[in-house]
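Report on one structure; see the data block that follows.
The values are calculated or read from the model by the stated rules, or taken from the named source; none is laboratory data. For clarity, every value in this text was computed on a predicted model and none was experimentally measured. When we count neighbours, we look across all protein chains shown, and the Cβ atoms used for this are built from the backbone with ideal geometry, even at glycine. We work out accessible area using only protein heavy atoms, side chains counted, and drop any ligands, DNA or RNA first. Shrake-Rupley method; radii C 1.70, N 1.55, O 1.52, S 1.80 Å.
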Amino acid sequence: PSPANTGPAPGPPDGGWGWVVVFGAFISIGFAYAFPKGIAIFFKEIQGFFGTSYSEIAWVSSIMLATTYGAGPISSILVNRYGSRPVVMFGGLLCGIGMVSAAFCTSILQLYICVGFITGFGLALNLQPSVIIIGKYFLKRRPIANGLAMAGSPVMLCTLAPLNQFLFDNFGWRGSFLILGAILLNCCVAGALFRPIGAAKASVKTQSTEEGKEVVKEEVTKDAMEMNSPLNIPMETKTEEEEAKDCCEKVNKYLDFSLFKHRGFLIYLIGNVLMFLGFFAPIVFLAPYAKHIGIDEYSAAFLLSILAIVDMIARPTTGIIANSKWVRPRIQYFFSFAIAFNGTCHLLCPLASGYTGLVVYSVFFGLAFGMVCAMLFETLMDLVGATRFTSAVGLVTIAECCTILLGPPIGGTLIDTFGDYKYMFIKCGAVMVLAGTFLFIMNYYNYRMLAKEEKRKAKEEDPKSVRTENEGRNNWNNETVQDGPELEPLREEQEGLKKEGNGT
């Protein structure tokens, strides 16, 4: 569009090129969520190669997941500064570099750096911009768009699980890492689809503001030249104070710390931090657990594919249900139920005996996992709104990275201590049931408080109408007084009615 176009900013198109953006987000979000889980196929062999324990090898996935979530504020700042497209393309490049470098590692510490930090940071630059740009392209159909984009995770996991096993059998884990690094470069292609909205209008605004700043600077310099030297000292102090305020405003622009005063945001944050303590560990240890009880490698990898297929169907279905008029006004309750249902599946997993029981567990786990992931960001946007969503995502992810980092290693420690996987599943299930119960109770409290606040606002507006009615009645009484003695019987009757109403 021409730079002369200075009309009002258009709203989200809710379609059109937005569906292409959803496809790009489908790819980038899929790699961001599925890759740390799919790489668990190599853990048993890497553990034997380096001679490490379960807890030590679990740090690879936990560091990658923690970096993906902990780098959320950095990703949000880069998106606000440069836009989603270059950030995602740079993140895809980092992912490729990290995995190619991991193919030449000679110690577990080098794997922590290459796979955990470098690849994890690249995945963070894929995840945040993809979620943010969907909120810019969609409003009415946003739950459906989020559900379709989040379906990229199960699709990628369903593909990566058998692919990683095939690559390992033919090329070993080093050759597999080289090929996976090349595959992750497709995130750069996905990022190229993220066309920004209103770029021309933004450029016009920036040009006008820059011209205005230049004019102001010229006027200030002229005034400073005309002023005497004693008067220049307070001018310098004012500019220093203004610079400090500008720095604070920039920080608050990228990360809105006033969200910590938001009741709904704090409830969401506490519940999710607790939930992620047991969210990823069952997926990381599902394939090693199947191999531990004597199931062959391809059948163990196929469990992740079953989980991913069910997850693939559950995410868009959950998005459609969450977008309905019955669920969307109370979507927080639906989210709480999904978390508690996820934890119940983990609590029942030790009862599964044999491969058939693990298949049934994978089906229910995929359903519960897809429900949680489909509503993970939609519930946050429902609480804080689209304008504060970018800052909210950054603050939430950096708080969640601590429990994400500790979840798989704690599960690995339980396995090393007791020599049985069931204690890890029980721990994860109990934590998630507790998180779902907490969110359900606190969201009920939040809805009650919001209803009371609305009633208070309504009561504050009512006295104004009462005042206007009383003023009208007083004016009418004054007019009747001015009319003369003909209306004195009516006034006496009115006074009698008042006395009877007051109980006199």
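Being of a type in the set (Phe, Trp, Tyr) and touching a helix residue (DSSP H, G or I) at 6+ places or on another chain (Cβ under 6 Å): is that true of Phe42 here? Yes.
Residue check: Pro10 meets all listed conditions (1) over 28 Å from Thr403 (Cβ atoms); (2) at pLDDT 85 or above but one, namely (2). Residues that are among the aliphatic types (A, V, I, L, M), assigned to a helix (DSSP H, G or I) and surrounded by fewer than 21 Cβ atoms within 10 Å (Cβ to Cβ) within segment 313-330 comprise Ile313, Ile320, Ile321, listed in sequence order.
For Met432, state whether it is closer than 24 Å to Leu303 by Cα, open to solvent by less than 10 Å² (accessible area, probe 1.4 Å) and outside any loop (DSSP other than H, G, I, E, B). When the stated conditions are applied, Met432 passes them.
Somewhere in segment 443-459, is a residue over 30 Å from Asp382 (Cβ atoms) and either open to solvent by less than 50 Å² (accessible area, probe 1.4 Å) or over 29 Å from the mean Cα position of the chain (by Cα) (or both)? There is no residue in segment 443-459 that is over 30 Å from Asp382 (Cβ atoms) and either open to solvent by less than 50 Å² (accessible area, probe 1.4 Å) or over 29 Å from the mean Cα position of the chain (by Cα) (or both). Considering Leu358, Leu348, Leu307, Leu367, the condition of being in the same structural domain as Arg263 (by the TED database) and closer than 27 Å to Thr67 by Cβ is satisfied by Leu307 alone.
Number of residues in segment 97-112 that are closer than 14 Å to Pro36 by Cα and of a type outside the set (A, V, I, L, M) equals 2. Residues in segment 102-131 that are part of a helix (DSSP H, G or I) and open to solvent by 10 Å² or more (accessible area, probe 1.4 Å): Ile108, Leu109, Gln110, Tyr112, Ile113, Cys114, Phe117, Ile118, Phe121. Would you mind stating whether Ser258 is surrounded by fewer than 21 Cβ atoms within 10 Å (Cβ to Cβ), at pLDDT 80 or above and not β-branched (Val, Ile, Thr)? Spelling it out, it is not the case that Ser258 is surrounded by fewer than 21 Cβ atoms within 10 Å (Cβ to Cβ), at pLDDT 80 or above and not β-branched (Val, Ile, Thr).
Checked against (1) closer than 18 Å to Lys37 by Cβ; (2) open to solvent by less than 40 Å² (accessible area, probe 1.4 Å); (3) of a type outside the set (Lys, Arg); (4) touching a residue at least 40 places away in the same chain (Cβ under 8 Å), Ile267 passes all but condition (1).
If you go through segment 334-365 and keep only what is part of a helix (DSSP H, G or I), open to solvent by less than 30 Å² (accessible area, probe 1.4 Å) and free of Cβ contacts under 8 Å to residues at least 60 places away in the same chain, you end up with Gly357, Tyr361. State whether one or more residues within segment 132-141 are crowded, with 24+ Cβ neighbours inside 10 Å and out of contact with any Phe, Trp or Tyr (no Cβ under 8 Å at 6 or more places or on another chain). Yes, there is a match, as at least one residue in segment 132-141 is crowded, with 24+ Cβ neighbours inside 10 Å and out of contact with any Phe, Trp or Tyr (no Cβ under 8 Å at 6 or more places or on another chain). Answer with yes or no whether Lys136 is among the basic types (Lys, Arg) and not in a helix (DSSP H, G or I). Here the answer is no, as Lys136 does not meet what is asked. Considering the conditions (1) under 15 Å from Val273 (Cα atoms); (2) open to solvent by 70 Å² or more (accessible area, probe 1.4 Å), Leu395 is excluded by exactly one of them, (2).
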